[in-house]
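Accompanying notes for the structure given below.
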Amino acid sequence: MNSKYSSSLKKLLLTAPTNRKLYLSKRKIRIKNILKNLNLDKNQIPTIHVVGTKGKGSTAAIMSSILKESNYTTGLFTSPHLTKVTERIRINFKPITQNDFCISFNKTWRKIKSKHTSLLGGTSFFEAIMIIALWHFKNKKTNIQIFEAGIGGKHDSTNYINPILTLITNISL
């Protein structure tokens with residue numbers, strides 16, 4: 001593991017909301033502001049959103065495979081990771097390299113941890129990694145991106161994306 005990657009990962013893993021109430025109530029405003037400051041348009045890359053209780057990761061992977069075989073450059077964002085954070089961000093099934101992770105982290109980190117963001121409750125690890133993925137997919141010029149929902153429901157950070165298609169897997173209470 002290179003030292004820049006290790007340092008980036010340590011900062012990322014310490015990311016936590018500064019005010020839970022503001023964090024939940026200001027999520028959309030916070031994410032919108034961060035993406036705007038990074039020149040990331042939620043409509044720039046066609047997006048498929050995978051939601052549900054069970055099978056989201058498998059469904060997202062299958063969809064990514066179909067699109068890759070149809071010659072699309074496909075960004076895939078999933079969670080959780082099994083062994084490395086880089087597994088969460090993939091292009092054509094290849095995890096983001098440590099070098100590309102560091103580049104994406106460095107391009108987004110100041111906006112993710114800005115004073116304005118802190119005043120809106122701060123960011124979570126999941127939001128930060130999602131923003132890094134969005135920046136990476138734009139930078140690598142993916143044709144389509146697939147986002148697996150995290151916690152689900154109205155508080156899920158992936159709700160901010162504007163999908164062309166939402167896939168709903170099995171839902172249970």
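The values are calculated or read from the model by the stated rules, or taken from the named source; none is laboratory data. Everything numeric here is computed off the predicted structure, so don't read it as measured data. As a convention, Cβ positions derive from the backbone with ideal geometry for all residues, glycine included, and neighbour counts pool all protein chains shown.
Quick grid of which residues meet (1) modelled with pLDDT of 95 or more; (2) more than 14 Å from LYS11 (Cβ to Cβ); (3) touching a strand residue (DSSP E or B) at 6+ places or on another chain (Cβ under 8 Å):
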{"site": "ILE96", "(1), (2), (3)": "yes, yes, yes"}
{"site": "ASP100", "(1), (2), (3)": "yes, yes, no"}
{"site": "HIS116", "(1), (2), (3)": "no, yes, no"}
{"site": "LEU119", "(1), (2), (3)": "no, yes, no"}
{"site": "SER124", "(1), (2), (3)": "no, no, no"}
{"site": "ILE132", "(1), (2), (3)": "yes, no, yes"}
- Query: Inside segment 58-173, counting only strands (runs of 3 or more DSSP E) that do not spill past its ends, which hold 1 or more residues that are in contact (Cβ under 8 Å) with a residue 60 or more places away in the chain and small (Gly, Ala, Ser)?
  - Reply: 74-77
- Scan segment 1-30 and report the pairs whose first residue is more than 14 Å from SER118 (Cβ to Cβ) and among the polar types (S, T, N, Q) and whose second residue is part of a helix (DSSP H, G or I) and at pLDDT 90 or above, with Cβ atoms within less than 7 Å and a gap of 6+ or a chain change. ASN2/GLN98; SER8/PHE101; SER8/CYS102; SER8/PHE105
- Filter pass, ILE129 being of a type in the set (A, V, I, L, M) and under 20 Å from SER6 (Cα atoms): yes
- Message: So in segment 18-57, with the set limited to residues that are outside any helix (DSSP H, G or I) and among the small types (Gly, Ala, Ser), which one is farthest from GLY121 (Cα to Cα)?
- Response: GLY55
- Message: Given the criteria among the aromatic types (Phe, Trp, Tyr), in contact with a Gly (Cβ under 9 Å, 6 or more places away or on another chain) and surrounded by 15 or more Cβ atoms within 10 Å (Cβ to Cβ), does TYR23 qualify?
- Response: yes
